[in-house]
């Protein structure tokens, strides 16, 4: 795609944690140069409470975030489709017109058994996604021309 913001779709299994975090972080870090979306293969119907807490604690906007199905985006063009968990990578439908398909595998922090372990897992995934998204912005930002020579 050319012109306009870079369109990115983050896909996870349930669209309750990892893909929502990536969407919100990209909106925050990339600003108007990006149009970030997220979806799930089997949406959970809600955003995990700890997902919202991570974003709130970091001062990242949470308004409008909701769990959605990949079917909502089936006929839309994207510059990048990024799966953020291994299960989604296997089940993610092909998005015609997506310039790039990427995979960033992160474990589900909800899988932790205790509250303390779950909170630590959320913090780790949030930190790792934040680093990855910021690197993604540096590499893909169309507004920053490469210097010649």
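Order of 123-136, 23-36, 106-119 by packing, highest average Cβ count within 10 Å first?
23-36, 123-136, 106-119
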At q = 0.11, 0.13, 0.18, 0.20 1/Å the base-10 log of I(q)/I(0) from the Debye formula over the alpha-carbon atoms of the stretch 6-136 is -0.33, -0.46, -0.91, -1.14
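Values in this text are rule-based calculations from the coordinates and carry no lab data. No experiment lies behind these values; they were computed from the predicted model shown. Cβ atoms come from the backbone with ideal geometry, glycine included; neighbour counts cover every protein chain shown.
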